[in-house]
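Let me begin by presenting the structure, written as structure tokens, before commenting on it.
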Amino acid sequence: MKILGLTGGMGMGKSTVATLLRRAGLSVFDADAVVHHLQAPGGAALPPIARLVPEAVKDGQLDRAALRQAVLAHPALLKKLEAIMHPLVRQARTCFLRRSRRQGAAWVVLDIPLLFETGGNRLCHQVVVVSAPTWVQRRRVALRRNMPHTQARRLIACQMPDARRVQKADTVIRTGLSIMETERQVRRLLGSLRA
């Protein structure tokens, strides 16, 4: 079984590319979905987050806006949150890979925003980075999270720079033009995986 790493900063179009790969029949491990599950009411990550940032958990639910504000006010919190989340996500990833191997998958996708930062790229036979122009990324993040562009810029600045990700990639899929162009690039990628 071969592993395709899929990564990119927030607002780059990674979820769109993951959806296209899933539609093409590849199994996709969605780290963001795992994180949401872990942070949901009753999730394994909620109690340690509540201890770390009490104002971010109200009535047994994570207040993402409050958590985001806390991280923006105290950037050192991000490393502490990652120390809670990364081991739990790694555990879910290991289960996904084990199950995919048993099912005889030829290729699987690890859709992980922090693929390089967590060393997950070392598991991958190939890494795809999804990239878009900075202004497109900023607009998408501001719209999706309903926040001002200045706050979106600050959130994006907390991540690995796009140029560094692109430099580490085996393949770059550029979004920001049209969905048809993104689909064309994904088809070309799929063709190379099957070759």
**Study point:** Candidate set: segment 122-142, residues that are within 19 Å of ALA18 (Cβ to Cβ) and out of contact with any Ser or Thr (no Cβ under 8 Å at 6 or more places or on another chain); chosen: the one surrounded by the fewest Cβ atoms within 10 Å (Cβ to Cβ)
**Key:** HIS125
Check your understanding: Would it be correct to say that GLY25 is of a type in the set (Gly, Ala, Ser), more than 21 Å from LEU88 (Cβ to Cβ), free of Cβ contacts under 8 Å to residues at least 12 places away in the same chain and not in a strand (DSSP E or B)?
Key -> yes
Check your understanding: So how many residues does segment 45-65 have that are surrounded by fewer than 16 Cβ atoms within 10 Å (Cβ to Cβ) and under 20 Å from the mean Cα position of the chain (by Cα)?
Key -> 3
Review point. Is at least one residue of segment 71-80 aliphatic (A, V, I, L, M), modelled with pLDDT under 90 and closer than 16 Å to THR118 by Cα?
Key: yes
Point to revise | Boolean, VAL17 is modelled with pLDDT under 95, of a type in the set (Val, Ile, Thr), surrounded by 19 or more Cβ atoms within 10 Å (Cβ to Cβ) and over 21 Å from GLN151 (Cβ atoms) | key: no
Review point. Here are some conditions: (1) closer than 25 Å to MET12 by Cα; (2) modelled with pLDDT under 95. LYS58 meets all but one. Which one does it not meet?
Key: (1)
Practice item. Only one of these is of a type in the set (Phe, Trp, Tyr), in contact (Cβ under 8 Å) with a residue 60 or more places away in the chain and not in a helix (DSSP H, G or I): PHE116, PHE96. Name it. Key: PHE116
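The values are calculated or read from the model by the stated rules, or taken from the named source; none is laboratory data. Computed from a predicted structure; not experimentally measured. Neighbour counts run over all protein chains shown; Cβ positions are idealised from the backbone, glycine included.
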